[in-house]
Amino acid sequence: MVTSQEQWQDMMCLPAEQLYQEEIAALKKADKGKIPVGWQMSPQSVLTFITGGKVGKTVITPKYIGNKRLVEMAIATLVTDRALLLIGEPGTAKSWLSENLTAAIYGHSGLVVQGTAGTSEEHVRYSWNYAMLLANGPTPEALVQSPVMRAMEAGGIARFEEISRCASEVQDALISILSEKTISVPELGREVSARKGFSIIATANTRDRGVNEMSAALKRRFNILILPTPSDMDTEVEIVKKRVREIASSYDLQAAVPADEALIKVVTIFRELRSGMTLDKKEKLKSPAGVISTAEAISLLTNSMALAASFGNGEITDEDLAAGLQGAIVKDDVKDKLVWKEYLDNVMKKRGAEWRGLYTACKEMNE
């Protein structure tokens, strides 16, 4: 028989409450603050879980590296009956912050509605097991609860990812839920009312503006926080380094973690192409059509580790990085290839011996 621990070990991506279960247990044990109804720890302990610290002998790793005040505002919002909306560019850790806030507060981060063009109102409210519905009519057993309804009944937190990807009628289904804190099920003649502790954390991508704009009525039901891109080079390098180590450990990649030199080069390239200017602000650059985010940098480096482990000696080479950079930057083949070529010839080529190996490998990939 497979134990629950063995089942967790086989999962590709552990939920935050399982990944950091020792930290959560230590915080709960040492917590002396006032714990809101429906929460498993105090707001102060949630802040420590997100931003890092130490509890007894347990080191609490930072889950979000950035403006601490933003995290405090997010936690304070969830203490009230207001929902929380996190908005930002791709790669600003919206989903990561949402998941870890939910794990710390409620202990279960898996009640998720994934916003897409195909998300329907049933995903927000409820649906039916149609075989049971046809056989016996509308019964409680035939009701299929949405993640939002389950969170309401349990007094927990539901997550709504990429809310602006949904059609307006789907978004509007949230208005009554956030206002009245109930979901009516007329087929059963009943209402599901939210218990204390219920809330929703939604995320929205600034790149999706104009896809399905949120109505003013819905926005009023949220406290909105805008998550910025990493403000400086050191912060972004630290974020990338931390997440690469965590992902590499999760996937058990048999390769050395990228050296600081490689991290700095990748982050430098991404920051320059993203901003359209070199770090010293002496030269303007063209930006590629695609997203050049911190998340892309993390993915690039973990993929480079996989290349090094599978087809090299376990040490990341310039060729491994070049392959990742080519895939991350050149998405619109014609335009992006020219943008990347100009960057290589006008910027990277002139950076001297330290960049020569990476420049040569990137040049060969982009031919």
Requested in this report: Would you confirm whether any residue within the stretch 108-117 is open to solvent by 60 Å² or more (accessible area, probe 1.4 Å) and closer than 14 Å to I201 by Cα?
Outcome: yes
Report task. Please determine, by comparing only the residues of the stretch 88-117 that are more than 11 Å from the chain's Cα centre (by Cα) and of a type in the set (A, V, I, L, M, F, W, C), which one is nearest to A167 (Cα to Cα). Result -> A117
Query raised in the report: Can you name the residue in the stretch 205-242 that is touching a Leu at 6+ places or on another chain (Cβ under 7 Å), within 19 Å of R165 (Cβ to Cβ) and open to solvent by 20 Å² or more (accessible area, probe 1.4 Å) and, of all such residues, is modelled with the highest pLDDT?
Result: I224
Requested in this report: Hey, can you tell me all the residues within the stretch 280-305 that are part of a loop (DSSP other than H, G, I, E, B), closer than 17 Å to T235 by Cα and among the aliphatic types (A, V, I, L, M)?
Outcome: I292
Query - Unmet criterion (only one of (1) without any contact (Cβ under 8 Å) to a residue 24 or more places away in the chain; (2) open to solvent by less than 70 Å² (accessible area, probe 1.4 Å); (3) small (G, A, S)) for S293 - result: (1)
Report summary line: Of the residues in the stretch 125-152, those that are closer than 20 Å to R195 by Cβ and surrounded by 15 or more Cβ atoms within 10 Å (Cβ to Cβ) number 11
**Report entry** Selection from the stretch 243-259 of residues that are at pLDDT 85 or above and open to solvent by less than 30 Å² (accessible area, probe 1.4 Å)
**Finding:** V244, A255, P258
Report summary line: A careful count of residues in the stretch 271-290 that are open to solvent by 40 Å² or more (accessible area, probe 1.4 Å) and either of a type in the set (F, W, Y) or at pLDDT below 90 (or both) gives 1
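The values are calculated or read from the model by the stated rules, or taken from the named source; none is laboratory data. Only a predicted model underlies this, so the values are computations on that prediction, with no experimental measurement involved. FYI the Cβ positions are ideal-geometry reconstructions off the backbone, even for glycines, and counts take in every protein chain you see. For the accessible areas, the whole protein counts, side chains as well, though only heavy atoms, and no ligand, DNA or RNA atoms are used. Shrake-Rupley method; radii C 1.70, N 1.55, O 1.52, S 1.80 Å.
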